[in-house]
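The values are calculated or read from the model by the stated rules, or taken from the named source; none is laboratory data. Quantities reported herein were computed from a predicted structural model and do not represent experimental measurements. Glycine gets a Cβ as well: all are built from the backbone with ideal geometry, and neighbour counts include every protein chain shown.
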Protein chains: 2
Amino acid sequence: MAVYTRLGAEEMAAIIAAFDVGTLISAKGIAEGVSNSNWLIETQDSQDATHRFILTVYETRTDTADLPFFLNLLDHLAARNCPVPRTIHDVEGASHRFYKGKALALIEFLPGISVSDPTPVQARAVGQALAQVHLAAADFGCERTNSMGPDAWRQLLSDCRSDGLESIAPGLSRLVERELSVLAAGWPTDLPRGVIHADLFPDNVLMLGDKVTGLIDFYFACTDIVAYDLAVTHAAWCFSADGAEFLPDLSAALMEGYESVRPLSAVERAAMPLLAQGAAMRFLATRAYDWLYTVEDALVTLKDPMAFVRRLEFYADPANAEVFSA
Amino acid sequence: MAVYTRLGAEEMAAIIAAFDVGTLISAKGIAEGVSNSNWLIETQDSQDATHRFILTVYETRTDTADLPFFLNLLDHLAARNCPVPRTIHDVEGASHRFYKGKALALIEFLPGISVSDPTPVQARAVGQALAQVHLAAADFGCERTNSMGPDAWRQLLSDCRSDGLESIAPGLSRLVERELSVLAAGWPTDLPRGVIHADLFPDNVLMLGDKVTGLIDFYFACTDIVAYDLAVTHAAWCFSADGAEFLPDLSAALMEGYESVRPLSAVERAAMPLLAQGAAMRFLATRAYDWLYTVEDALVTLKDPMAFVRRLEFYADPANAEVFSA
């Protein structure tokens with residue numbers, strides 16, 4: 001969470017002038033987004049009305065070849081009344097520009113704050129918003145491979161090595177190996193696919209009270225199993241942060257909200273426990289990798305991989321499959 | 001530049017509710033300020049008008065006993081039409097509150113951006129604004145010792161040790177020793193004193209075009225020689241960033257702007273070259289200390305002490321005293 005790129009006032013004014021959004025009157029670097037630089041921009045138009053935007057400069061971790069997918073997706077969803085920020089196109093109609101070799105985009109600012117202790121009513125609203133995105137994206141027409149799918153987990157966990165995993169927690173290596181086999185044997189190939197957000201943690205949802213005002217940070221969005229996105233969201237919202245406590249009220253509300261807009265089919269429902277194990281494995285894999293290989297400094301707060309080991313164990317327990325039953 | 005304190009949405013809403021400023025609708029951690037955590041806050045009032053503020057949570061480097069000085073000073077200056085942000089008082093009238101052991105304050109948001117390549121017209125406006133602050137602060141009535149005055153430079157440079165200074169640049173130790181003697185022998189004791197900003201770098205000035213919209217970051221403000229503040233501002237604005245190039249047009253404009261509001265007396269003018277050497281020494285001291293003792297990470301960009309060694313050499317050269325002549 002930081003601003004990696006320095007932009008002088010004159011550079012910033014020149015960048016904003018390429019979009020027909022009025023005169024720049026404020027630009028504050030914001031501590032948001034893990035791998036890109038972001039500014040909250042304020043402009044004033046000829047009628048003295050002020051407008052706010054998020055300017056994102058894409059750093060090395062975002063492949064600029066993927067930007068049309070991410071940015072056009074926002075426009076597609078916003079046009080279908082999903083609560084996502086629109087991309088502001090420049091005076092030539094482009095969704096992103098380049099400045100000193102880096103890609104940048106101007107994105108609508110949406111009000112709202114990210115809840116840290118969601119209520120069931122809020123979880124229900126998030127379920128609805130996610131289902132709305134899944135339906136609205138059906139005719140998007142662009143595809144992007146999930147760069148954080150099963151092959152990526154496998155690679156990351158292999159890079160962690162058995163001794164790395166054991167250094168995180170004794171027995172973790174065996175647990176991971178066993179679960180990876182279960183996932184490989186059972187990972188569904190016949191479920192409906194579509195555009196998924198793939199990272200819908202509370203951090204990536206803006207809310208005002210019980211209303212979802214913005215789903216943000218679509219930089220993991222891709223084409224994959226639609227119900228897997230619900231499983232990711234379930235893992236992200238329905239546990240205490242350390243994964244030790246399952247929150248049944250949030251789970252019921254999230255599922256109910258989602259299914260009020262897009263009911264799961266019988267095969268999707270049956271696959272949910274395994275999809276949720278996959279979701280837990282995906283975040284376990286990145287967290288374990290970062291835990292072992294990221295130099296900790298004040299810039300990056302390392303997240304405990306055990307929080308997703310506990311979720312994985314929860315989902316792997318057949319007694320808990322009922323949380324996904326109708 | 002970072003956000004050191006984590007505040008959940010519910011905590012943030014509760015904090016903002018203690019001020020009579022409407023309902024919280026957005027809070028973005030901003031990468032501003034070196035040692036405190038800051039958020040750009042947006043609220044909506046009962047007439048649906050939106051308002052913006054900066055929420056500052058004071059971390060360990062700010063002594064909370066100094067907060068009344070800093071925050072009341074803003075109110076004092078704003079009431080006298082100086083371009084500084086007002087302090088928003090809470091519903092009980094307090095200028096700051098405590099939350100989980102940390103002090104926090106809500107401060108008016110001002111538009112404007114910090115210029116990186118100032119023009120003479122902008123430097124003139126900054127000179128005027130600084131003089132305006134000096135005049136308006138005359139009846140402030142509170143005092144604060146300069147924690148970064150000559151004694152502090154001496155201590156910091158002593159902590160750097162000769163070998164530390166030599167490791168930065170061969171010969172630096174002798175230069176510093178010689179200049180500290182010059183400063184000690186000649187530092188004026190009879191010049192007008194008052195409230196000074198003491199850190200008016202371009203980063204701490206918000207501008208819209210040629211207009212100063214905000215002087216910010218008063219956390220070094222203190223009672224000291226008034227003309228020394230002009231010397232600090234001169235050192236901050238009138239050189240290329242690396243200190244290698246003196247910018248005569250900016251210097252002339254800054255001095256002219258300042259004196260158009262508060263003309264220097266003959267004794268102040270005569271002292272300016274020495275005050276400017278002191279200003280250069282002050283930033284040389286903190287930069288050298290940080291250079292030697294701060295662990296560099298992505299969070300902190302270390303600033304080259306040599307940029308102020310060069311300024312010190314410029315100001316110490318009698319041939320350059322003329323830049324302060326009328």
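Criterion first (among the polar types (S, T, N, Q), outside the structural domain of residue A:290 (by TED's automatic domain parsing), modelled with pLDDT under 95 and within 19 Å of the chain's Cα centre (by Cα)) does residue A:50 satisfy it? No, not satisfied.
When we screen A:61, A:80 for residues that are more than 26 Å from residue B:117 (Cβ to Cβ) and either facing chain B (nearest Cβ under 9 Å) or modelled with pLDDT of 90 or more (or both), the only hit is A:80.
I'd like the full set of residues that are hydroxyl-bearing (Ser, Thr, Tyr), touching a Gly at 6+ places or on another chain (Cβ under 8 Å) and either within 13 Å of chain A (Cβ to nearest Cβ) or not in a loop (DSSP other than H, G, I, E, B) (or both), limited to the stretch B:31-49.
Residues satisfying the conditions are B:37, B:43.
Taking the criterion of being of a type in the set (Lys, Arg) and buried (at least 17 other Cβ atoms within 10 Å of the Cβ), would at least one residue in the stretch B:58-66 satisfy it? The answer is no; no qualifying residue exists.
Results for (1) under 24 Å from the mean Cα position of the chain (by Cα); (2) crowded, with 16+ Cβ neighbours inside 10 Å; (3) among the basic types (Lys, Arg), shown as yes or no for each residue.
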position: B:141; (1), (2), (3): yes, no, no
position: B:162; (1), (2), (3): no, no, no
position: B:177; (1), (2), (3): no, no, no
position: B:183; (1), (2), (3): yes, yes, no
position: B:206; (1), (2), (3): yes, yes, no
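For the stretch A:236-258, the criterion of being within 20 Å of the chain's Cα centre (by Cα), in a loop (DSSP other than H, G, I, E, B) and either within 14 Å of another protein chain (Cβ to nearest Cβ) or aromatic (Phe, Trp, Tyr) (or both) is satisfied by at least one residue. Just one of the numbered conditions (1) under 23 Å from residue A:209 (Cα atoms); (2) assigned by TED's automatic domain parsing to the domain that holds residue A:247 is not true of residue A:139: (1).
Right, residue A:90: surrounded by fewer than 16 Cβ atoms within 10 Å (Cβ to Cβ), at pLDDT 95 or above and not hydrophobic (A, V, I, L, M, F, W, C) or not? The answer is no for residue A:90. Test residue B:52 against the stated conditions and say whether it is in contact (Cβ under 8 Å) with a residue 24 or more places away in the chain, buried (at least 19 other Cβ atoms within 10 Å of the Cβ) and basic (Lys, Arg). So residue B:52 passes the test. Residues of the stretch B:1-18 that are at pLDDT 80 or above and either within 9 Å of chain A (Cβ to nearest Cβ) or over 16 Å from residue B:102 (Cβ atoms) (or both): B:7, B:8, B:9, B:10, B:11, B:12, B:13, B:17. Of all the numbered requirements in (1) outside any strand (DSSP E or B); (2) in contact (Cβ under 8 Å) with a residue 12 or more places away in the chain, residue B:117 misses one, and that requirement is (2).
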